[in-house]
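Shown next, in C-alpha cells, is the structure this report addresses.
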Amino acid sequence: MSLPTRKFDAVVVGAGGAGMRAALQLSEAGLKVAVLSKVFPTRSHTVAAQGGIGASLGNMGEDNWLWHMYDTIKGSDYLGDQDAIEFLCRMAPQAVYDLEHYGMPFDRNEDGTVYQRPFGGHSSNFGERPVQRSVCAADRTGHAMLHTLYQRNVRANTVFFVEWMALDLIRDASGQVLGVTAMEMETGETWIFQARATLFATGGAGRIYAASTNAFINTGDGLGMAARAGIPLEDMEFWQFHPTGVAGAGVLITEGVRGEGGYLLNKDGERFMERYAPNMKDLASRDVVARAMATEIKEGRGCGKDADYILLKLDHIGVDKIEKKLPGIREIAKKFANVDPVKDPIPVVPTCHYQMGGIPTNYHGEVVVPGNGKDNNVVPGFYAAGEVACASVHGANRLGTNSLTDLLVFGKASGDSVIRYLKENPGHKDLPADAADYTMSRLSRLDSQTGGENVFEVGAAMRRTMQAHCGVFRFPDLLTDGVKKIREISERAARTEIKDKSKTFNTARIEALELDNLIEVARSTMICADARQESRGAHDRADYPKRDDVTWLKHTLWYKDSDRLEYKAVNLKPLTAESFEPKVRSY
Amino acid sequence: MSDFDRVRWHCRRGLLELDIILTRFLESGYPRLSEAQRTVFSGLLEYADNDLWDFVSGRNSSADAAEEEVLNLLRET
C-alpha cells in the first residue's frame, strides 16, 4: 500500500534538547530538515531538568576534562565506554559556549563569566575534593535550553511537524534506514517521511514503571521503533531511581526533607534506616536508602492496604521550619499525596528517574549493531542521541548533570555525522515497495481488533509488574516470576482494542501505539536484569551483591526476536587519555 | 472534530506535575466550565510548563482576572 510521502534530507524524531541541537546543526548547514514531535517542542521532558550541564570550564577554580572523565567513568561503575566518555568531557565546554552564543541566559559570576555550581559526584584531581562544574540557568536550565534551541531552529528554517507521532522505521533489504512512517494526530493520517538520514532523539521510557518521575510523553517511542526494526537495545537493565517519589504519583520529594530531619517509617512505625545504616540513618546515600525501602516492602513491612509504600515523617520538624526551609513541599504533598505533612507522613517509594541504556551508538551518534564478526557495524542512515541512545557514556549509572551534557554533545556530534554522510551519499534511494506495509498492518490490526484487551489495564499491569519485580533492588525469585509475567503482558499488548475509531485527535489510538513501544522497553528491561548476575551501578541484585568484572564487564544487547541476548565488550580505551582500570567504587 | 480530545492532548506536558493536575482537572473541573472559561483554559495551556506550574502551585498569579478565575479552580484540583 502506498502512502503520501514527504522528502527531506534528514528527519529528526523528537524535539527535546538532543533533537533540537541535532536539527540546528543540520539546518545551519543548509540541509532540509524535518523534526517530528508529539508535543510542542518547548513542552518536551528536557524542560524538567533542573540540575545543570556538567562541563569543565574551570570558571570557579581549576578544572579539566580529564577529571570530569574520571568522575563519569567512576559514576558509570566502569561500564561506560571510555572513548565516548572522553569525547563527552572534552566537547562539553564547547557545547556550553555554543549555547551561550545562541543566547542562553546562564547564571553568571560578578566578572561576567558563566557561574558553576557544585553537584554530587563531581571532583577535582580524581576524587580528591568537590569541584563546581555544573552550568545552570537558576533551577530552569532545561527550560532555558529548550527555548534557546527552539528559537534558533526557527531562525534556521527547521521544519517542525508538531503533534505528529512517528510509528515505524523504514529499512530496505540491505538494512539501510530510509525514513519513518508517522501519524498526524489532528487528521489521523499516516505519511511516509522519506529521508537520506534518520535521527532518533525520542528520550527515555520511564513510564514503564508505576513509580516514575517521567512525564506521560516518555513512552520510549524510538526504542519501540528500533526494536521492531530488528535493532538491538543496549544495557536496558540499568535505570536510575530516586528514593523518595510520592507513592502513586511519582513527583519527587527533595532529599532536603531528610536533610532537615525527616525520616522513614515502615508499617510498624519503626525507623528502619537505623538497622540498615546505624550512623547515617536516613541520610545514607541514595542507593542505600532506596535498597532499604525496597527490602522493607519486599518483606511485608510496607504501609497501606497493599503494603507497597513507606512513610516519610516530617511533622516533628515543625510548621515554621517546613515552610521556611522546604518551600513547595507542603503544596506537593497536599496535591499529590493528599496529606498535609505538618500533620501526617508522606507515602513514598523508590521512583524511576532515568534510563541509562538505549539504542547502541558510537561516539559519533551513529547507530551500531553486531555483525560480520564485529561488535559495532554502522547502520547506514540511522543516528540516535540523548536518553534514547546508549553511546555509552552513563554505563551502569549516570553522573548528575551529564544528561544535559549528553544531549548537547551527542546532539551536535550526530548532526555532524549526518552532514558528513550526506556529502558522501547524495540523492534519495528508492523506497522499497512495502515501506509502509508493516505500519499499516499494525494500524489495521488495532482498528479491527474485537474482544481485545483494554489499553489502560494492560499498561497498568505492565507498570505494576515492572515496579514489583524489577525495581531499584532486585530479588532472584521476583525476577524469574517477572520474566514470565511480562511475557504474558506482552502477549496481551499485542491484542489491544480501542472503542473509538475516529481519526481526529484520537488519543485512545495514540495511547495504544505508545503502549506498543513501552512494552518492548519493559520486556527488554526485565530480560536483561534477570540475565545479569552481578550488582553494578543501578542494577542491584540481592543474590549477587558484588560487581563481577571477570564475567560481566560487558554490555548487554537485547533483540526483540525471541528475547535473544548478546553481549559486547566495554571500550576501555579512550581516544587519547590513559585507560581508567576498574576499581572499587566508593565515595 | 472533538475539541475535548485536542484539549486533552494539549494537557500532555514536559512536567509530570502538570500532567497529573491537568489530567485530574479534565475529569473533575473541565466539564463544569462555561464556554468562555474553556477558551481561557485552552489559552493557559499555551504557557510554558514552568510558568504554568508557577501559576498552578500558587508561586505566581496571573494579572488577567479571567485567567485567575480558572487558575483558582486548577489550584483546588
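The values are calculated or read from the model by the stated rules, or taken from the named source; none is laboratory data. The structure displayed is predicted, hence computed values, not measured ones. Heads up, the Cβs are rebuilt from the backbone with ideal geometry, glycines too, and the neighbour counts pull from every protein chain shown. Remember, those area values only see protein heavy atoms, side chains included, never the ligands or the DNA or RNA. Shrake-Rupley method; radii C 1.70, N 1.55, O 1.52, S 1.80 Å.
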(request) Quickly estimate the mean residue ellipticity at 222 nm for chain A, helices only: each DSSP H run with n ≥ 4 gives -39500 (n - 2.57), and the total goes over all residues, rounded to 500. (result) -10500 deg cm²/dmol
(message) If you average the C-alpha positions of region A:408-444 and of region A:370-399 separately, how far apart do those two centres end up, in angstrom?
(response) 17
(request) Please give the average number of partner chain Cβ atoms lying within 10 Å of the Cβ of each residue in A:208-219, rounded to a whole number. (result) 3
(message) More than 23 angstrom separation, counting every C-alpha pair in region A:434-587; what % is that?
(response) 51
(request) Compute the FRET efficiency between A:ASP320 and A:ARG275 as 1/(1 + (r/R0)^6), taking r as their Cβ-Cβ distance and R0 = 41 Å, and round to the nearest 0.05. (result) 0.85
(message) Cross-link candidates for A:LYS429: which lysines have Cα within less than 30 Å, leaving aside residues fewer than 8 places away along the same chain?
(response) A:LYS7, A:LYS32, A:LYS38, A:LYS374, A:LYS412, A:LYS560
(request) Might you tell me the accessible area per residue for region A:36-189, computed with a 1.4 Å probe and given in Å²? (result) 35
(request) Using just the alpha carbons, could you tell me how many Å³ per residue the convex hull of region A:69-120 encloses? (result) 95
(request) Based on the mean of other Cβ atoms within 10 Å per residue, sort peptides A:514-527, B:59-72 so the most packed one is first. (result) A:514-527, B:59-72
(message) If you average the C-alpha positions of region A:134-177 and of region B:1-22 separately, how far apart do those two centres end up, in angstrom?
(response) 20
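Within 10 Å of each Cβ of B:16-29, how many other protein chain Cβ atoms are there on average?
Taking all residues of B:16-29 together, the mean is 4.
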(request) Looking at chain A, send over the antiparallel percent of its DSSP beta bridges, to the nearest 5. (result) 65
(message) On alpha carbon coordinates alone, what is the Rg over Rh value for chain A, Rh being the Kirkwood radius?
(response) 0.95
(request) Check every DSSP H run in chain A and write down those whose alpha carbon atoms cover 30 angstrom or more along the long axis and whose mean Kyte-Doolittle hydropathy is -1.0 or greater. (result) A:402-424, A:507-531
(message) Rounded to the nearest percent, how much of the accessible area of region A:66-222 (1.4 Å probe, protein heavy atoms only) is carbon and sulfur?
(response) 49
(message) Please compute the length gained on full extension between A:GLU100 and A:GLU128, using 0.36 nm multiplied by the number of residues separating them and subtracting their Cα-Cα distance.
(response) 7.1 nm
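Partner chain Cβ atoms within 10 Å, averaged over the residues of A:31-44 - can you pull that number for me?
Averaged over the peptide's residues, the number is 2.
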(request) Kindly state, to the nearest 0.05, the FRET efficiency for A:GLN449 paired with A:GLN50, given R0 = 45 Å and r defined as their beta-carbon distance. (result) 0.60
(request) Check each of the GluC sites (Glu not before Pro) in region A:47-143 and keep only those in coil by DSSP with at most 15 other C-beta atoms within 10 angstrom; list them in order. (result) A:GLU62, A:GLU110, A:GLU128
(request) Quick one: which residues, 5 or more positions from A:ALA211 or on another chain, have an amide H under 5 Å from its amide H? H modelled 1.01 Å from N in the peptide plane, none for Pro or chain starts. (result) A:CYS352
(message) Give the residue list of trypsin sites (Lys or Arg not before Pro) in region A:240-277 that are DSSP loop and have at most 15 other beta-carbon atoms within 10 angstrom.
(response) A:ARG271
(request) Determine, for each peptide in A:576-583, A:359-366, A:432-439, the mean count of other beta carbons within 10 angstrom over its residues, then list the peptides with the highest first. (result) A:359-366, A:432-439, A:576-583
(message) I'd like to compare A:180-190, A:17-27: which one has the highest average count of other Cβ atoms within 10 Å, and what's the full order after that?
(response) A:17-27, A:180-190
(request) Just subtract the alpha-carbon distance of A:LYS343 and A:SER502 from 0.36 nm times their residue separation and send over the number in nm, one decimal. (result) 52.4 nm
(request) Compute the length gained on full extension between A:SER586 and A:ASP416: take 0.36 nm times their separation in residues and subtract their Cα-Cα distance, giving the result in nm to one decimal. (result) 57.5 nm
(request) At 7 Å along the Cα-to-beta-carbon direction for both A:VAL550 and A:SER562, put a label point, then send me their distance in nm to one decimal. (result) 3.0
(request) Count the net charge of all other residues whose Cβ sits under 12 Å from the Cβ of A:GLY365, scoring Lys and Arg as +1 and Asp and Glu as -1. (result) 0
(request) Give the interface area between chains B and A as buried accessible surface, both sides summed, probe 1.4 Å, in Å² to the nearest 100. (result) 2800
